[in-house]
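Student: Okay, handing you the structure first.
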Amino acid sequence: MKSKIQFLLSLLSTIALIYAMSIPISTSEPAKDGTGKAKEKLLPPAGPFFNPFEGFWQNAEPVTPSRMLEKIEFADIKGKVKVVFDERMVPHIFAEKLEEACFAHGYVVAQQRLWQMDMTTRLAGGRLAEVLGPDLLATDKLQRRRGLLAGAQKAVASWESSPESFRLIQAYVDGVNAYIRQLSPRDYPLEFKLLNYKPEEWSVLKSALVKKYMDLTLCFGEEDLEATNALAVFGREVFDKLYPRYFSRQTPVIPAGTSWSFEKVEPVAPSNAPQEAIGLIKHKVYEKERILVGSNNWAVSGDRTQSGNPILCNDPHLRLSLPAIWFEAQLQAPGINAYGVSVPGIPGILIGFNDKMAWGVTNVGHDLLDWYRVKWTDDSKRSYECDGGVKNTELVINAFQVRGQQEPVYDTVKWTVWGPVVYESSSEPKNDLAMRWISHLAPDPGEINTFLGLNTSQGYDDYTTSLRNYSYPAQNFVMASGAGDIAMTVNGKFPVKAEEEGRFVHNGDKSNSFWQQWIPREHLPQVKNPASGFVSSANQHSTDPSYPYYYHAAHFDQFRGRYLNQQLAALQNITAEDMMKLQQSNYSLHAAEGLPVMLRLTDTTQLSEAQKRIWRQLSAWDFRFQPELTEPALFVAWWEAFYESSFDEILSHPDSIPMLLPDKWRLTDLADNSPQDPVFDLVSTPEKETAASIATLSFRQTVDSLSKKLSQPDFNWASQKRTSIMHLTSIPAFSRINLPVGGYKEALNAISETHGPSWRMVVEIGKEEVEAWGVYPGGSSGNPGSPFYDPGVEKWMSGAYYELFFMKDPGDQRQPVRYTLEIN
């Protein structure tokens, strides 16, 4: 009897435990909003995650797959496809038709990166709260208000109007779904199990949302509000002094002095004269991330190389994350044989090469987002004044499912003739702003042909034809061909703007004043085979001021591009190894130009002996941001203190309004040439400070603030910068934290705390066999339990490259093969 009771109690306990582990866990955390109320959080149930048959145990992967050869069949595939995975598990896809290659591409990307693809679409489409809970609801609402979902829907409609292009996108989608449909719960990627939800079917709309996420990263930059406020606070004369549009020492993407042999299209809109700029806007539209996304690319002609063949290089600087943002692959079908990287969710190689040509991209950065202040007719905000009359808003009701809540949450977005009203204020409705953004417009129907066209390009003529399908985000497309051509095109869709149009917030009283015409493609800045023997871009100005069309940006690089051009002009008999070293150069013109001015201005008689030792140490530094050095950390800390004190009237404005920040080069220029300028006078003191007194004061403060750290043996640039590659969930165990790497955002090796070279590629084209090298900080797999999750991080940190295995055919034995997949 006793044993029966014990058994019954044990059984009941087991059942209770199973039940407890099958329901969500309710927790609470202290409020951060000052209300004092604890915040409820709902965590996924633990049972499914720890289930030994379907849980995380099933996600461990061997170094070598148990099935070296796998065959699968799908009714929709009419030909044969073979996918060969090399020793790094990079897939090499060999298909009888391009459509089947796209199918296989979708299949293998989903196989490796399905959860990453799902998260990207949820972030862009405003659906994070469904799986991550109410903390993400505000993010979801903001993304819908920005119009990303609406823009994606327009993209799909445009793609559908080009059947030839659409069938390739659809084939990719079919491949993703072919993989998803064969999954059982035990096969779900780890994060689906951790968050306790299952994969959805893929769609063309989801691929469009991945594209919208790229748009958000690459063409969402603007500082209209900040510029508007700065103009209102300082007036035109001081504004022009602090924020000049062009740096005289700039070396633009298209060489200075280029002649423009076309007749400019005149803008319809009148110039946005400074006196028409709106006054103070006291509220932020949204919190802006001040990290500047950038990249480098260049090509050198065979006249400059040791081998006589062109060399092309590209290293896009994006947020570093795990899984990695890029997916490496080779696509081979009749008419195409391309190798490089793609973005999970979109078919084709975005940066790469084939046997005749190599190509790459960097971000152009032109401001293609403008704000319009809405003048409501009444407090209901259902209509607004425009064109001398009244227009009604289009009300779009968005429903949001929130994890742990039964009922959906609704948010109504008001759409105007310019776009959505992203920002609304109940206290100051006069500052309600509508947004016009390039990404809301339907792209070219043949947009997909841009990169698939580059994948098949044989030379310059094919390159230019492919670029005609491209709309946005605007990119600097570089190419180098085996025929010996090199070229650069500032490519995208750009509105014809009047002088300073879009630099400030507009009064939204006219619907037909702006963005009525587009710069003809034959007028876009471009260069082919320049006398210098190289082309390059690093997010600097596209042209010198002689270009007939007006454009501006939230930020143009002022240092990397100049240093890159200096180095390329000086090099002779260039090799691929030279280009690898240049990609990883930690030398910064910002430090080389700014630090000597600061040192010269410092009054050393006011320094203590310890401070003088630091001053001498910095004086001997070579301006390289090496990880083990202390000088880079000292310089950055001093620069930030010098900048903040110099521009205190901007950073400490009493109204706490968003204000435009002057470029770094401008502070160096003012300190060097106008050290008595009133900008250096501290608002908080009765004395009249100069650049010299600010340099001295900020230096002393910096050394004093770092005194304890300076005595620590592990104090160096890497320990201060703390570069980390975080998993998309920010789970430390799935991330690589505090990496001992150098680099600086104003150096070619532009590694910051969170951003950096996301793919380094060097290609020598023109030989009988293409030679190419590449590396990215991640791996082919998105599974943290896979040996192929992040093996590239170590190589990336050390500055090494993989030799890219450009397979000739499925039987190519020049490198080991781990696994082969046959699709019939």
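The values are calculated or read from the model by the stated rules, or taken from the named source; none is laboratory data. As the structure is a prediction and not an experimental result, all values here were calculated from the model. Note that each Cβ is placed from the backbone with ideal geometry, even for glycine, and that neighbours are counted across all protein chains shown. Only protein heavy atoms, including side chains, enter the accessible area calculation; ligands, DNA and RNA are left aside. Shrake-Rupley method; radii C 1.70, N 1.55, O 1.52, S 1.80 Å.
Student: Between rounded, prolate and oblate, where does the stretch 68-194 land on the alpha carbon gyration tensor, with a ≥ b ≥ c its root eigenvalues, rounded for a/c under 1.5, else prolate if a/b exceeds b/c? List each step's numbers first, then the result.
Tutor: On the way: a/c = 2.68, a/b = 1.40, b/c = 1.91.
Cα axes put the stretch 68-194 in the oblate bin.
Student: Roughly how many Å² of Arg167 are accessible to a 1.4 Å probe, to the nearest 10?
Tutor: Accessible area, nearest 10 Å²: 90 Å².
Student: Another question, if that's okay. Could you give the dipole magnitude of the chain about its Cα centre, charging the beta-carbon of Lys and Arg +1 and that of Asp and Glu -1, in debye to the nearest 20? Kindly include the intermediate steps, with their values, before the conclusion.
Tutor: Numbers: 81 positive and 98 negative charges, 359 e Å.
Dipole about the Cα centre, nearest 20: 1720 debye.
Student: What is the extension gain from Ser705 to Gln566, computed as 0.36 nm multiplied by their sequence separation minus the C-alpha to C-alpha distance, in nm to one decimal?
Tutor: Extra length available between Ser705 and Gln566 comes to 46.4 nm.
Student: In nm, to one decimal, how far is the Ser259 label point from the Gln676 one, both placed 7 Å along Cα→Cβ?
Tutor: Placing both labels 7 Å beyond Cα along the Cβ direction yields 4.6 nm.
Student: Carbon and sulfur: what percent of the stretch 684-743's accessible surface (1.4 Å probe)? Don't skip to the end; give the middle numbers.
Tutor: Details: 1690 of 3110 Å².
It is 54 percent, rounded to a whole number.
Student: Bin width 10 Å, origin at 0, all Cα-Cα pairs of the stretch 292-440: what percent of pairs per bin?
Tutor: Calculated over all Cα pairs of the stretch 292-440, the distribution is 9, 22, 20, 20, 17, 9, 3, 0 percent.
Student: Sort 487-493, 382-388 by packing, meaning the average of other beta carbons within 10 Å per residue, with the highest value first.
Tutor: Numbers: 487-493: 22.6, 382-388: 14.7.
Order by mean packing, descending: 487-493, 382-388.
Student: Which entries of Lys612/Lys708; Lys82/Lys795; Lys78/Lys211 show an alpha-carbon separation above 19 angstrom in the structure shown?
Tutor: On the way: Lys612/Lys708 17 Å; Lys82/Lys795 29 Å; Lys78/Lys211 29 Å.
In this structure, Lys82/Lys795; Lys78/Lys211 exceed 19 Å between Cα atoms.
Student: Could you order Glu428, Glu746, Glu237 so the one with the most accessible surface comes first? Probe is 1.4 Å. Before the final figure, lay out each step's value.
Tutor: On the way: Glu428 50, Glu746 15, Glu237 160 Å².
Descending accessible area places them as Glu237, Glu428, Glu746.
Student: Let me ask another. Multiplying the sequence separation of Asp76 and Lys767 by 0.36 nm and subtracting their Cα-Cα distance, what value in nm do you get?
Tutor: Values: separation 691, 0.36 × 691 = 248.76 nm, distance 3.88 nm.
Additional length available on full extension: 244.9 nm.
Student: Further question: Please work out the C-alpha center-to-center distance from the stretch 565-626 to the stretch 107-178 and express it in whole Å.
Tutor: 44 Å
Student: Then there is this: Just to be sure I understand the rule: take each whole DSSP H helix in the chain, project its Cα atoms onto its long axis, keep it if the span is 24 Å or more and its mean Kyte-Doolittle hydropathy is at least -0.5. Which ones pass? Write out the running numbers ahead of the final one.
Tutor: On the way: long enough: 2-20 (27 Å, 1.22); 98-125 (30 Å, -0.05); 163-181 (26 Å, -0.04).
Correct list, ordered by number: 2-20, 98-125, 163-181.
Student: Using Cα-Cα distances under 8 Å and only pairs 6 or more residues apart, what relative contact order does the stretch 356-480 have, in percent? Please list the in-between numbers first.
Tutor: Numbers: 193 pairs, mean separation 39.3, N = 125.
Once divided by the residue count of the stretch 356-480, the mean separation gives 31 percent.
Student: Taking the highest mean first, how do the peptides 209-216, 306-313 order by number of other beta carbon atoms within 10 angstrom per residue? Working shown, then result.
Tutor: On the way: 209-216: 23.2, 306-313: 21.2.
Those peptides, ordered most packed to least, come out 209-216, 306-313.
Student: Taking the mean number of other Cβ atoms within 10 Å as a proxy for protection, how do you rank 79-88, 314-323 from highest to lowest?
Tutor: On the way: 79-88: 19.1, 314-323: 24.6.
Answer by packing, highest mean first, reads 314-323, 79-88.
Student: Sticking with this structure for a sec: Subtract the Cα-Cα distance of Asp622 and Leu183 from 0.36 nm times their separation in residues, and report this length gain in nm to one decimal. Walk me through the numbers on the way to the answer.
Tutor: Values: separation 439, 0.36 × 439 = 158.04 nm, distance 5.57 nm.
The Asp622-Leu183 span can extend by a further 152.5 nm.
Student: Restricting to Cα pairs below 8 Å that are 6+ residues apart, what does the relative contact order work out to for the stretch 80-161? Please round to a whole percent.
Tutor: Values: 61 pairs, mean separation 13.0, N = 82.
Averaging sequence separation for qualifying contacts and normalising by length gives 16 percent for the stretch 80-161.
Student: I've got another one for you. Percent of accessible area on the stretch 455-538 owned by carbon and sulfur, 1.4 Å probe?
Tutor: Values: 1090 of 2640 Å².
About 41 percent, which is the carbon plus sulfur part of the accessible surface.
Student: Just the accessible area for Trp665, please: 1.4 Å probe, Å², rounded to the nearest 10?
Tutor: Surface accessible to solvent at Trp665 totals approximately 20 Å².
Student: Translational D (Stokes-Einstein, µm²/s) of the stretch 387-456 at 4 °C and 1.567 mPa s when Rh comes from the Kirkwood sum over C-alpha pairs?
Tutor: 82 µm²/s
Student: Protein chains only, probe 1.4 Å: how do Trp326, Trp518 rank by accessible area, largest first? All intermediate terms of the calculation are to be shown ahead of the outcome.
Tutor: On the way: Trp326 15, Trp518 75 Å².
In descending accessible area the options line up as Trp518, Trp326.
Student: Same structure, new question: For the chain, what does the accessible surface come to per residue with a 1.4 Å probe? Please give it in Å².
Tutor: Working: 33860 Å² over 824 residues.
Value for the chain: 41 Å² per residue.
Student: Sort Ile397, Ile346 by accessible area with a 1.4 Å probe, largest first. Can you show the working numbers first?
Tutor: Numbers: Ile397 120, Ile346 25 Å².
Largest to smallest exposure gives the sequence Ile397, Ile346.
Student: Sticking with this structure for a sec: For the chain, what is the relative contact order in percent, using Cα pairs closer than 8 Å and at least 6 residues apart in sequence?
Tutor: Values: 1698 pairs, mean separation 160.9, N = 824.
Worked out over the chain, it gives 20 percent.
Student: Direction-averaged shadow area of the convex hull around the Cα atoms of the chain, nm²? Don't jump to the answer; show the numbers that get you there.
Tutor: Details: hull surface 164.6 nm².
Mean orientational projected area (the chain, Cα hull): 41.2 nm².
Student: Could you give log10 I(q)/I(0) at q = 0.11 Å⁻¹ for the stretch 160-263, computed by the Debye formula over C-alpha point scatterers of equal weight, without solvent?
Tutor: Scattering profile of the stretch 160-263, log10 relative to I(0): -0.74.
Student: First check a/c for the stretch 551-696, with a ≥ b ≥ c the square roots of the eigenvalues of its C-alpha gyration tensor; if it is under 1.5, answer rounded, and if not, answer prolate when a/b is larger than b/c or oblate otherwise.
Tutor: Numbers: a/c = 2.43, a/b = 1.45, b/c = 1.67.
Because a/c hits 1.5 or more and a/b fails to exceed b/c, the stretch 551-696 counts as oblate.
Student: Moving on. Scattering from the C-alpha atoms of the stretch 705-824 alone, worked out with Debye: what is log10 I(q)/I(0) at q = 0.14 1/Å?
Tutor: -0.78
Student: Right, something else. Kindly flag which residue pairs out of Lys664/Lys745; Lys97/Lys528; Lys493/Lys528; Lys141/Lys510; Lys212/Lys414; Lys212/Lys381 have an alpha-carbon separation exceeding 23 Å in this structure. The partial results should precede the final answer.
Tutor: Numbers: Lys664/Lys745 12 Å; Lys97/Lys528 33 Å; Lys493/Lys528 20 Å; Lys141/Lys510 28 Å; Lys212/Lys414 20 Å; Lys212/Lys381 28 Å.
Exceeds cut-off: Lys97/Lys528; Lys141/Lys510; Lys212/Lys381.
Student: Further question on the same structure: Accessible area of the stretch 222-268 with a 1.4 Å probe: how many percent of it is carbon plus sulfur?
Tutor: Working: 1120 of 2250 Å².
Reported share for carbon and sulfur atoms: 50 percent.
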